[in-house]
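Engineer: Have a look at this one before I ask anything.
The values are calculated or read from the model by the stated rules, or taken from the named source; none is laboratory data. Everything numeric in this text was worked out from a predicted model, so none of it was measured. Here the Cβ is made from the backbone with ideal geometry for all residues, glycine too, and neighbour counts use every protein chain on show. Protein only, heavy atoms only, side chains kept; ligands, DNA and RNA dropped before computing areas. Shrake-Rupley method; radii C 1.70, N 1.55, O 1.52, S 1.80 Å.
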Amino acid sequence: MDPSADLTSHAPAAHDPHHHDEHGHDHHELGWWRKYVFSTDHKVIGIQYLITGLIFLFLGFTLMMLMRWQLAYPGKALPVLGPMLNVLFGRGSMPEGIMAPDFYNSLGAMHGTIMIFLGVVPVAFAAFGNYVVPLQIGAPDMTFPKINMASYWAFFVGGIIMLISFFVPGGAAKSGWTAYTPLSVIADSGPGHHIIMNGQTLWLIGFVFLITSSLLGAVNFITTIIQLRAKGLTWMRLPFFVWAQFITAFLLLLAFPPLEAAAVMQLMDRLAATSFFMPTGLVVSGAALNISGGGSPILWQHLFWFLGHPEVYVLILPAMGIVAEILANNTRKPLWGYKSLVFAALVLGFLSFIVWAHHMWLTGMGTVVSAFFQTTTLIISIPSVIILSAFFISLWGGSIRFNTPMLFATAFLPMFGIGGLTGIPLAFNAADIYLHDTYYVIAHFHYIVAPGTIFALFAGVYFWFPKATGRMMSEFWGKVHFWPSLICMNVIFLPMFLQGMLSIHRRWYDGGQGWALSNEKVWGLSGFEWNVPISIAAWVMGLAQIPFIINFFWSIKYGKKVNDNPWEATTLEWAAPSPPPHGNFAVVPTAHRGPYEYSLPGRERDFTMQNEPIRDSDRRAYEAAAAAHD
Amino acid sequence: MNESNSPAASESVVQAHPEHDDHHDVSKHIKKYLMVGGLLMIFTIITVALSYFDFGSHKANIAVGMLVATFKAGLVAAIFMHLSAERHLVYQILIFTTFFVLVLFWLTYLAWYDPVVR
Amino acid sequence: MEIPYTTTARPDTGLWNAKIGIWLFLASEVMLFGGLFSAYIFLRLDAAPGHWPRGLLNVPVGTMNTAILIASSVTVVLAWAALKMRQFSKYKFYMGITILCGIVFLVVKLAYEWPIKFHHFGAKITPAALEKYEPYLGNAHLREGGYEPRVEISGHLENPEALHDESIREYHIKLDAANAEPLNPDNDRPRFWPAPMSDKIAHVSKDDVQLASMYVPKHSTFFATYFTITGLHGLHVLGGVIVFIYLWLPVSARLYKRNPEQLANRVEVAGLFWHFVDLVWIFVFPLFYLL
Ligand code: HEM
Ligand SMILES: [Cu+2]
């Protein structure tokens, strides 16, 4: 029997008399288009974001798999696929299967852009946020459903523009995901280039759409969390995931607009020949540019990293939120140090606005400025460590269930740890002079976003899948997905630290071929030769995603049917039916307790849902716990 | 356990003072709106006039101009946008925003000060 | 399904949804214009002497436009107050004026201020040739007075073909007052009433010109920021006007009959946006026109 059946608030049946409220007729007449495509339901939008985002993640990864060929075997023709790609992307992108330098640059820039802005942010923030947050706070939907829909479609248009840019003459943007000026302003401009239909201009236009989408989403999320929390759901009773999304939304809201302004200015530089980011006296290919000059490339870097650094916390905070939910659920214990987690996340969000120039040590900032940013950067690692420590301690003494979501969530911890700790040498500008723009930096942040955030996203998909579909994903195939992914991730990124310390530059087209001649070998391979195992691991990693894709679609139809709360979890989303109907809860839930009351003494079950009323035995348990604390 | 379990912590209801803008109130405010509008006009003229007055250095002129503009903006925000009597929450949002926008301005100064660019 | 707190306030926050939504949106707008203004500060501080021109914009027209925006801010708040007092025809009246003000502002900007700049020409002189054009620049005189140097000869371009035709080696410029009488102390500082153009024509050799440009964004970082910021501001005005027109059309009457409070709330939210647009202009005006 479903143990939580008595507490599950089911949607009313169609004949329910209370159903004929003012707007009740709306959703009976919705056609297929309004229901599944131009939907305003947060759950449909969440799933739209998830599917689109996952597709983009895979696409971004494919670009990288291509680059890995060139890095491992520079100048060699890519068999079979190479000539085909040359036809697809045209214009000598891969003449005779050999990757052209410009195409390599496009792949690099678009990998970064797609992964971050079209993959991780849409999935981590928009998809999970949309699907889970309203359910976790016991709300019927987001506060502004139409704006929510607009947000998705702005994202969609931005994504399409980015995709189109691959097929315009000259190919997609090729100045890195950071689009540093003046390079990015000069690229693909001038005679022989269409003024709009060129890689960098489309990149900027697409970017403006993506930023707009995030802003609309952020406004909606914050308002929803403030206004639509169920009765009794006080701030300190919010699941940590909701907190993480709340803070993330603020980061997007306040950090993105300056970059939107910067993107508009870069557009002006390209379209109207202004000089916002163009210094005086710039000479390109031997000729002085016909511009006024007087602008500054450094201004772009400041505005970019003013977003850029908060953005990295946009990538990691939702992931932490997902991991927190899954850890608590599968250790069957309250999350350790909930309050310090919340506080640390708030501090993290705040500090992330004042560390950005640690990406700019080599621009020659004054020592005072550098010292300031070095200090704030070191301080920001404290809350990160608090969060990670709280997660580790949460594992302590738990009777852990190692199901697929938990495997991914547990793997997140050491992976994030490695990524975070290797950031600290970068925070010291003296050390960073050597490490900047090498593969060390690539390894640092990929440890955080790839085996870190992406693993958390997988964990989230496995975890909330039964809520969205009423069915489980296969555990067996989940494990087949997990273990090779974990191994490949480490084979890919661990050697990059070595390569970086051997000072192989992160943007070299030939993979640092010169290092093949070096006598300096690490475990028998030179810095250059390490590219081969890395690349092989990357391709195997690609294959390892196939079980996931099949599992995902197969389980939608044929997965094991489960009740509304298969993980025996405590938060409110599990009190709604699976999948929740339009409007989510028929009876608006009331929260009576904190989010993680697992193994509460005096209870017959080892989990107590947030909407279960307080009993005498609970009171005694709280008192005993409080006494033990004193 | 943490204190969020105690009944006292549930839904801290802020004393919901009655809507400040109920019908009679509003009619009283109209005069204020007109006056502030007039004030803004006058200060616009003052801004223009002051800009032709020599305060000794161009920097001083800029400072004075910005001061007057800030005052005008303050009037718009406080009266027209009702910020003089708004809820807590709005203040909280704006305090953070102001802080971060100042940080942003400060960065431009830092960057300008940058010895390499200079 | 009904979303709570769309018109009534949630007790613990004291606010309805859209009110929070608009303030969050405005917070992001503050950051957007913050980014633009920080670029303004940066570029201005960074400009070489003489390369941040002053006095190029028409102050009386700018003052008038400022007054129009302020007036519209007053009328929009009156329109909201009328709704609160349930005086619908008054609401329509004030809202109508607001819309008119917004349109006049845009027309002045797009049909007068911008085009007049697009038809004005300036040639920045290379440092080496400054001495040669001293009769038009009067830099010795300016140095004495402690003013920034003039580096540009501007006015009406009499031979516009020169812009494209490489074989024409000179620009013929019908001079602005400042270049016609560079020693006249009235020209040392910007004036309130724009000085009329002179009849003098100067011939400026292309070899001596660093950058020749109409007064378009490309001309200088000054015009780049001016057109970008006023353009973006103009888009905001346009957005506001469109929303107001929607709130003024017959749909508003229907909403008023059904739920007057909701209409008032909508007007309040749109009004908050409008005041913000006004507020931005209050800074734009002195920063570009006056200082
Ligand atoms: C825990 C403390 C952290 C510290 C001290 C730190 C420090 C740094 C520093 C100094 C750099 C600049 C390196 C250079 O370009 O030379 C950097 C780059 C980077 N970090 Fe971190 N980081 C931390 C955490 C994170 C987190 C949580 C993320 C999130 C996903 C992240 C993502 C990135 C990214 C994406 C870059 C490279 C950007 C680029 O140049 O393309 N970092 N980090
Ligand atoms: Cu950073």
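Engineer: From (1) away from ligand 2 (no atom under 16 Å from the Cβ); (2) touching a His at 6+ places or on another chain (Cβ under 7 Å), pick out the condition that doesn't hold for A:Ile326.
Structural biologist: Checking A:Ile326 against (1) away from ligand 2 (no atom under 16 Å from the Cβ); (2) touching a His at 6+ places or on another chain (Cβ under 7 Å), the one that fails is (2).
Engineer: Within the range C:165-276, considering only helices (runs of 4 or more DSSP H) that don't extend past its boundaries, which have at least 2 residues that are farther than 30 Å from C:Val107 by Cα and either away from chain A (no Cβ under 14 Å) or of a type in the set (Val, Ile, Thr) (or both)?
Structural biologist: Values: elements: C:177-180, C:221-248, C:250-258.
Answer list for the range C:165-276: C:177-180, C:250-258.
Engineer: Would it be correct to say that A:Ala409 is surrounded by fewer than 15 Cβ atoms within 10 Å (Cβ to Cβ) and either away from ligand 1 (no atom under 14 Å from the Cβ) or small (Gly, Ala, Ser) (or both)? Spell out the reasoning first.
Structural biologist: Working: surrounded by fewer than 15 Cβ atoms within 10 Å (Cβ to Cβ): no; either away from ligand 1 (no atom under 14 Å from the Cβ) or small (Gly, Ala, Ser) (or both): yes.
Considered against the rule, which asks whether it is surrounded by fewer than 15 Cβ atoms within 10 Å (Cβ to Cβ) and either away from ligand 1 (no atom under 14 Å from the Cβ) or small (Gly, Ala, Ser) (or both), A:Ala409 comes out as no.
Engineer: Continuing with this model, one more query. In the set B:Leu40, B:Leu34, B:Leu83, which member is in contact with a Lys or Arg (Cβ under 7 Å, 6 or more places away or on another chain) and either modelled with pLDDT of 90 or more or of a type in the set (A, V, I, L, M) (or both)?
Structural biologist: Numbers: B:Leu34 fails: in contact with a Lys or Arg (Cβ under 7 Å, 6 or more places away or on another chain); B:Leu83 fails: in contact with a Lys or Arg (Cβ under 7 Å, 6 or more places away or on another chain).
Just a single option satisfies the conditions, and that option is B:Leu40.
Engineer: Do the conditions hold for A:Ala345, that is, is it open to solvent by less than 10 Å² (accessible area, probe 1.4 Å), more than 14 Å from ligand 2 (Cβ to nearest atom), more than 14 Å from every other protein chain (Cβ to nearest Cβ) and among the small types (Gly, Ala, Ser)?
Structural biologist: Working: open to solvent by less than 10 Å² (accessible area, probe 1.4 Å): yes; more than 14 Å from ligand 2 (Cβ to nearest atom): yes; more than 14 Å from every other protein chain (Cβ to nearest Cβ): yes; among the small types (Gly, Ala, Ser): yes.
Criteria met by A:Ala345.
Engineer: Which residue is most open to solvent (accessible area, probe 1.4 Å), if the candidates are limited to the range A:570-610 and must be of a type in the set (D, E, K, R) and touching a helix residue (DSSP H, G or I) at 6+ places or on another chain (Cβ under 9 Å)?
Structural biologist: Our first condition is that a residue be of a type in the set (D, E, K, R); within the range A:570-610, this holds for A:573, A:593, A:597, A:603-606.
From the residues that got through so far, the ones that are touching a helix residue (DSSP H, G or I) at 6+ places or on another chain (Cβ under 9 Å) too are A:573, A:593, A:597, A:603.
Values: A:Glu573: 2, A:Arg593: 0, A:Glu597: 8, A:Arg603: 33 Å².
It comes out as A:Arg603.
Engineer: Can I ask one more? In the range B:87-115, what residues are over 19 Å from C:Glu29 (Cα atoms) and of a type outside the set (Phe, Trp, Tyr)? Steps first, answer last, please.
Structural biologist: Filtering the range B:87-115 for residues over 19 Å from C:Glu29 (Cα atoms) gives B:87-88, B:109-115.
Selection gives B:Arg87, B:His88, B:Leu110, B:Ala111, B:Asp114, B:Pro115.
Engineer: For a quick check of your reading of the model, give me the residue pairs whose first member lies in the range C:21-50 and is within 20 Å of A:Ile298 (Cβ to Cβ) and more than 7 Å from chain A (Cβ to nearest Cβ), whose second is crowded, with 24+ Cβ neighbours inside 10 Å and hydroxyl-bearing (Ser, Thr, Tyr), with beta-carbon atoms closer than 6 Å and at least 6 apart or on different chains.
Structural biologist: C:Ser38/B:Thr108; C:Tyr40/C:Thr225; C:Ile41/B:Thr108
This table checks each residue for (1) without any contact (Cβ under 8 Å) to a residue 40 or more places away in the chain; (2) more than 19 Å from the chain's Cα centre (by Cα); (3) away from every other protein chain (no Cβ under 14 Å); (4) within 15 Å of ligand 2 (Cβ to nearest atom).
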{"site": "A:Val385", "(1), (2), (3), (4)": "yes, yes, yes, no"}
{"site": "A:Leu388", "(1), (2), (3), (4)": "yes, no, yes, no"}
{"site": "A:Phe391", "(1), (2), (3), (4)": "no, yes, yes, no"}
{"site": "A:Asn403", "(1), (2), (3), (4)": "no, yes, yes, no"}
{"site": "A:Tyr434", "(1), (2), (3), (4)": "no, yes, yes, no"}
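Engineer: Only residues in the range A:353-376 that are over 20 Å from B:Phe105 (Cβ atoms) count as the first member; pair them with residues that are open to solvent by 40 Å² or more (accessible area, probe 1.4 Å) and away from ligand 1 (no atom under 13 Å from the Cβ), Cβ under 9 angstrom, at least 6 apart or cross-chain, and list the lot.
Structural biologist: Cβ pairs passing all conditions: A:Gly364/B:Pro115; A:Gly364/B:Val116; A:Gly364/B:Val117.
Engineer: When you scan the range A:343-361, how many residues do you find that are more than 10 Å from ligand 1 (Cβ to nearest atom) and farther than 14 Å from A:Glu311 by Cα?
Structural biologist: Qualifying residue count, the range A:343-361: 5.
The rows are residues; the columns are (1) farther than 26 Å from A:Ala230 by Cα; (2) among the hydrophobic types (A, V, I, L, M, F, W, C).
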| position | (1), (2) |
| --- | --- |
| A:Tyr73 | yes, no |
| A:Leu81 | yes, yes |
| A:Leu88 | yes, yes |
| A:Gly108 | yes, no |
| A:Gly112 | yes, no |
| A:Met115 | yes, yes |
| A:Pro134 | no, no |
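Engineer: If A:Gln545 meets every condition in (1) buried (at least 22 other Cβ atoms within 10 Å of the Cβ); (2) modelled with pLDDT of 95 or more apart from one, which number is that one?
Structural biologist: (1)
Yes or no, residue by residue, for (1) facing another protein chain (nearest Cβ under 9 Å); (2) more than 23 Å from the chain's Cα centre (by Cα):
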residue	(1), (2)
A:Leu253	yes, no
A:Pro257	yes, no
A:Pro279	yes, yes
A:Gly308	no, no
A:Ile316	no, no
A:Ala328	no, no
A:Pro334	yes, yes
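Engineer: Go through (1) part of a helix (DSSP H, G or I); (2) within 9 Å of another protein chain (Cβ to nearest Cβ); (3) not aromatic (Phe, Trp, Tyr) for B:Leu67 and report which single condition fails.
Structural biologist: (2)
Engineer: Let me ask something else. If I ask for residues that are closer than 29 Å to A:Lys43 by Cα and within 21 Å of the chain's Cα centre (by Cα), which ones from the range A:468-505 would you list?
Structural biologist: A:Ala468, A:Gly478, A:His481, A:Phe482, A:Ser485
Engineer: Out of curiosity, is A:Ala324 more than 16 Å from ligand 1 (Cβ to nearest atom), within 25 Å of A:Trp483 (Cβ to Cβ) and surrounded by 24 or more Cβ atoms within 10 Å (Cβ to Cβ)? Step through it out loud before you land on a result.
Structural biologist: Values: more than 16 Å from ligand 1 (Cβ to nearest atom): no; within 25 Å of A:Trp483 (Cβ to Cβ): yes; surrounded by 24 or more Cβ atoms within 10 Å (Cβ to Cβ): yes.
Spelling it out, it is not the case that A:Ala324 is more than 16 Å from ligand 1 (Cβ to nearest atom), within 25 Å of A:Trp483 (Cβ to Cβ) and surrounded by 24 or more Cβ atoms within 10 Å (Cβ to Cβ).
Engineer: Out of A:Phe221, A:Phe241, which single residue is buried (at least 22 other Cβ atoms within 10 Å of the Cβ) and within 14 Å of chain B (Cβ to nearest Cβ)?
Structural biologist: Values: A:Phe241 fails: within 14 Å of chain B (Cβ to nearest Cβ).
Of A:Phe221, A:Phe241, the one residue that is buried (at least 22 other Cβ atoms within 10 Å of the Cβ) and within 14 Å of chain B (Cβ to nearest Cβ) is A:Phe221.
Engineer: Could you check the range A:362-380 and list, in sequence order, the residues that are open to solvent by less than 30 Å² (accessible area, probe 1.4 Å) and either within 11 Å of ligand 1 (Cβ to nearest atom) or not in a loop (DSSP other than H, G, I, E, B) (or both)? Outline the logic, then answer.
Structural biologist: Pass one, the range A:362-380, residues open to solvent by less than 30 Å² (accessible area, probe 1.4 Å): A:363-366, A:369-370, A:373, A:376-377, A:380.
Residues satisfying the conditions are A:Thr363, A:Val369, A:Ser370, A:Phe373, A:Thr376, A:Thr377, A:Ile380.
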